[in-house]
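*Asks:* Mind having a look at this structure? Questions to follow.
The values are calculated or read from the model by the stated rules, or taken from the named source; none is laboratory data. In this text, all values refer to a predicted model and were calculated from it rather than measured experimentally. Positions of Cβ are backbone-derived with ideal geometry, glycine not excepted, and every protein chain shown enters the neighbour counts. Keep in mind that these areas ignore ligands, DNA and RNA; they rest on the heavy atoms of the full protein, side chains included. Shrake-Rupley method; radii C 1.70, N 1.55, O 1.52, S 1.80 Å.
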Amino acid sequence: MAKQIFSISCINVGVGPGGTTSMLARIAIVDYRGQTVLDTYVAPTMKVTEYRTAQTGIEPGHLHGTNAVPFNAVQQMVANTIKGQILVGHSLWNDLSGIPHPAVDTRDVALYQPFRNALRSPNHIVGLQTLSWQLMCRRCQEGEQNPLENARAALDLYRSDLRDWEDAIVKGSWPCALPPSIFSRCYL
């Protein structure tokens, strides 16, 4: 059976002093057609000190009661969904916290060298908003971030160069830069 392709995006709130440490608050996964596979709020495992509502749209009521799924259950749902599949996203190391995934099955648009080269930023991670606008004339992440929109934007970027991307992999020429080394635990 051929591997399926999923795209993932997460939205975080802040915990700890000043809310500067990020904690998962909402996660979305879409399939290759952009159809929603998962879109859920995540119950906090620590006291939220900064909801970042202007950027996230998340308010206290989203993360409590029946609106939010426990973190461990969400983590298991995500692991089961992506196991053995190809995962697309932007800066995937931020989204895979605690869920190792084979590097060969990741397609990270933030690390894809042809995109970086096209924007004359070969050694820098370019934001999803910039990539979407510069490479597809598509706006995203204006106002509140929406993980479904972000997952679909990353997926569309991948699909825009899918043939060359996959051809490079088949030829043994990995077309992506390495993620920051401190996140190597996220990849098998």
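*Asks:* State in Å² the accessible area per residue of the chain; use a 1.4 Å probe, count heavy atoms of protein chains only, and round to the nearest integer. Please report the intermediate quantities before stating the final value.
*Replies:* Numbers: 9770 Å² over 188 residues.
About 52 Å² of surface per residue is accessible.
*Asks:* Taking Cα centroids, how far is segment 1-25 from segment 144-160 in Å?
*Replies:* If we compute the Cα centre of each part, the gap is 14 Å.
*Asks:* Label LYS47 and LYS171 with points 7 Å out from Cα along Cα→Cβ: what is the distance between them in nm?
*Replies:* Those two pseudo-labels are separated by 5.6 nm.
*Asks:* Classify segment 1-50 as rounded, prolate or oblate from the Cα gyration tensor: take a ≥ b ≥ c as the square roots of its eigenvalues, call it rounded if a/c is under 1.5, otherwise prolate when a/b beats b/c and oblate if not.
*Replies:* Numbers: a/c = 3.68, a/b = 3.25, b/c = 1.13.
Judged from the Cα gyration tensor, segment 1-50 comes out prolate (a/c at least 1.5, a/b above b/c).
*Asks:* Let me ask something else about it. Taking segment 21-107, which trypsin sites (Lys or Arg not before Pro) meet the DSSP loop condition and have no more than 15 other C-beta atoms within 10 Å?
*Replies:* Details: sites: ARG26, ARG33, LYS47, ARG52, LYS83, ARG107; in loops: ARG33, LYS47, ARG52, LYS83.
Loop-located and lightly packed - ARG33, LYS47, LYS83.
*Asks:* Which part of segment 79-96 falls in the paramagnetic zone of ASP31, meaning amide N under 19 Å from the point 7 Å along Cα-to-beta-carbon?
*Replies:* Those under the cut-off are 79-89.
*Asks:* Tally up the carbon and sulfur contribution to the accessible surface of the chain as a whole percent, 1.4 Å probe, everything protein left in place. Walk me through the numbers on the way to the answer.
*Replies:* Numbers: 4990 of 9770 Å².
Answer for the chain: carbon and sulfur cover 51 percent of the accessible area.
*Asks:* Work out, step by step, the length gained on full extension between ALA54 and LYS83: first 0.36 nm times the residue separation, then minus their alpha carbon distance; give nm to one decimal. Don't skip to the end; give the middle numbers.
*Replies:* Numbers: separation 29, 0.36 × 29 = 10.44 nm, distance 3.35 nm.
So the chain would gain 7.1 nm between ALA54 and LYS83.
*Asks:* Next question, about the same structure. Report THR56's accessible area, 1.4 Å probe, all protein chains in place, as a number in Å² to the nearest 10.
*Replies:* Approximately 10 Å² for this residue.
*Asks:* While we're on this one: Across the chain, where is the longest run that never hits GluC sites (Glu not before Pro) in a DSSP loop with at most 15 other C-beta atoms within 10 Å? Mind dumping the intermediate values first?
*Replies:* Numbers: sites that count: GLU142, GLU144.
Answer from the scan: 1-141.
*Asks:* Also, I was wondering about something else. Taking a ≥ b ≥ c as the square roots of the eigenvalues of the Cα gyration tensor of segment 1-87, is the shape rounded (a/c under 1.5), prolate (a/b larger than b/c) or oblate? Don't skip to the end; give the middle numbers.
*Replies:* Working: a/c = 2.28, a/b = 2.13, b/c = 1.07.
Note, shape of segment 1-87 comes out prolate.
*Asks:* Please give, to one decimal in nm, the separation of the simple spin-label points placed at VAL69 and ARG139, each 7 Å out from Cα toward the Cβ.
*Replies:* Modelled inter-label distance: 3.2 nm.
*Asks:* Which entry is the computed Rg/Rh (Cα atoms, Kirkwood Rh) for this structure: (i) 1.04; (ii) 0.96; (iii) 1.09?
*Replies:* Derived directly from the coordinates: (ii).
*Asks:* Here's another thing I want to ask about it. Please give, to one decimal in nm, the separation of the simple spin-label points placed at LEU178 and THR20, each 7 Å out from Cα toward the Cβ.
*Replies:* 2.8
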